[in-house]
Amino acid sequence: MSDSRVDVLVWGPMHASLTQNLARDFNVHNLWELDALDSWLDEHGAKVRGVVTSGVYGTRIDVLERLPNLQVVSSFGVGYDALDIDYLAERKIPVSNTPDVLNNAVAETALALMLSVSRKIPQADRFVRDGAWLKGKFPLGNDLAGKTCGIVGLGKIGKTIATRAAAFDMKIAYYRRGEAYADVAYRHYGDLRALARDADHLVIIVPGGADTEHLIDRDVLKALGPKGLLINVARGSVVDEQALIAALQAGEIAGAGLDVFEDEPRVPAELIAMDNVVLTPHLGSGTYETRQAMADLVFANLAGFFKDGTLVTQV
Ligand code: GLV
């Protein structure tokens, strides 16, 4: 019996409910389970009309080239720097992502890192577990209240971070090349180093990709200064990781809270050895509620496209 369902190629393991929905309504092929990818593509590549991937899995042009009838790519995650967007645009293949539904979760991750670094929460937890409290006092931390939260990238997630940081009585400032946004009252800096100089927490939430690669370099870190903290919930590529390690080793900044890294899941041993950094495994949007909403949106995009040619959230 022939299967009339649309063939989709799924790039990597997905959220369970998305996997279930896909299996129900589509003829699913799991790329990571195909042991002879080359011959599979020869035989079946022309059937594939949809791709499901994520901002982490990305895409590969050599595979996309073997899908001549591909019509749509639905990606899990808001960032799409790992997808071959220009190539797909040339082929006029629309791409969707999952914006907005993860703003709160990522902003909460930023605040969690800001609090963790400034109050040394992971170290405090180890202090209690190791019995050190029985022998002495835990070092003091720093308030968030009264400090300046300098946001690099005041998009939707950046604005969500700003409202939460403001609720902690922080002053909010942001960097944007060129003009200030007309619709926000936060202090604008057209010069990234000037923002770093005035910020206590420099929070990175710009999209990844060539435009922002190593935007945070040694000079920006030096401007942040020996009391400054770097928080990165964007992409590892935005921060020059070697410069960050050097700046931390030289005491040019006070510490860092990092959810993303240049070569995930590999984290440099130098960072792992440091006590003034808090490291998390790219968990920005990683809550049950948010991942469910993202999974639903990936499916709604794909299903909507094959129903009436529209995407809910086209890139
Ligand atoms: C996560 O990093 C995302 O882009 O959604």
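The values are calculated or read from the model by the stated rules, or taken from the named source; none is laboratory data. What you see is a predicted model, and the numbers here were worked out from it, not measured in a lab. Glycine also receives a Cβ, built like all others from the backbone with ideal geometry; neighbour counts cover every protein chain displayed. With ligands, DNA and RNA removed, areas are computed over all heavy atoms of the protein, side chains included. Shrake-Rupley method; radii C 1.70, N 1.55, O 1.52, S 1.80 Å.
Place a point 7 Å from Cα of ASP3 in the direction of its Cβ. Which residues in the stretch 50-82 have their backbone N less than 15 Å from it?
The answer is 50-52, whose backbone nitrogens lie closer than 15 Å to the label point.
For GLU33 and LYS135, compute 0.36 nm times the residue count separating them, minus their Cα-Cα distance, and round to one decimal in nm.
Extra length from GLU33 to LYS135 when fully extended: 31.4 nm.
For a bin width of 10 Å, list the pair-distance distribution of the chain built from all Cα-Cα distances, rounded to whole %.
Pair shares across the bins are 6, 25, 29, 21, 14, 5, 1, 0.
Between TYR288 and ALA194, what is the label-to-label distance in nm when each label sits 7 Å out along the Cα-to-Cβ direction?
Calculated label separation equals 4.8 nm.
Which of VAL203, VAL238, VAL63 moves most in a GNM of the chain, Cα contacts under 10 Å?
VAL63
Find me the longest stretch of the chain that has none of the exposed trypsin sites (Lys or Arg not before Pro), where exposed means in a DSSP loop (not H, G, I, E or B) with at most 10 other Cβ atoms within 10 Å.
So the longest stretch without any such site is 178-315.
Across every pair of different alpha-carbon atoms, what Kirkwood hydrodynamic radius in Å does the stretch 103-279 reach?
16.3
With Kirkwood's inverse mean 1/r over C-alpha pairs for Rh, give me the Rg to Rh ratio of the stretch 266-315, two decimals please.
Rg/Rh: 1.30.
Please give every one of the lysines within straight-line cross-link reach of LYS135, meaning a C-alpha to C-alpha distance under 27 Å, and leave out same-chain neighbours fewer than 8 residues apart.
Correct list for LYS135: LYS120.
With every protein chain left in place, what is the accessible area per residue of the stretch 87-160 in square angstrom, probe 1.4 Å?
52
Pop the C-beta distance of ARG91 and ARG266 into the FRET formula with R0 = 51 Å and round what comes out to the nearest 0.05.
FRET efficiency, ARG91 to ARG266: 0.95.
In the full protein assembly as shown, how much of SER54 is accessible to a 1.4 Å probe, in Å² to the nearest 10?
Surface open to solvent at SER54 totals about 10 Å².
Residue by residue, what Karplus-based ³J(HN,Hα) values in Hz, rounded to whole numbers, does the stretch 250-256 have, using 6.51, -1.76 and 1.60 with θ = phi - 60° and x for Gly and Pro?
For the stretch 250-256, the Karplus curve yields 8, x, 6, 10, 7, x, 8 Hz.
For each pair in LYS92/LYS307; LYS47/LYS307; LYS171/LYS227; LYS159/LYS222, compute the distance between the two Cα atoms and list the pairs where it is over 20 Å.
LYS159/LYS222, as the Cα separations exceed 20 Å there.
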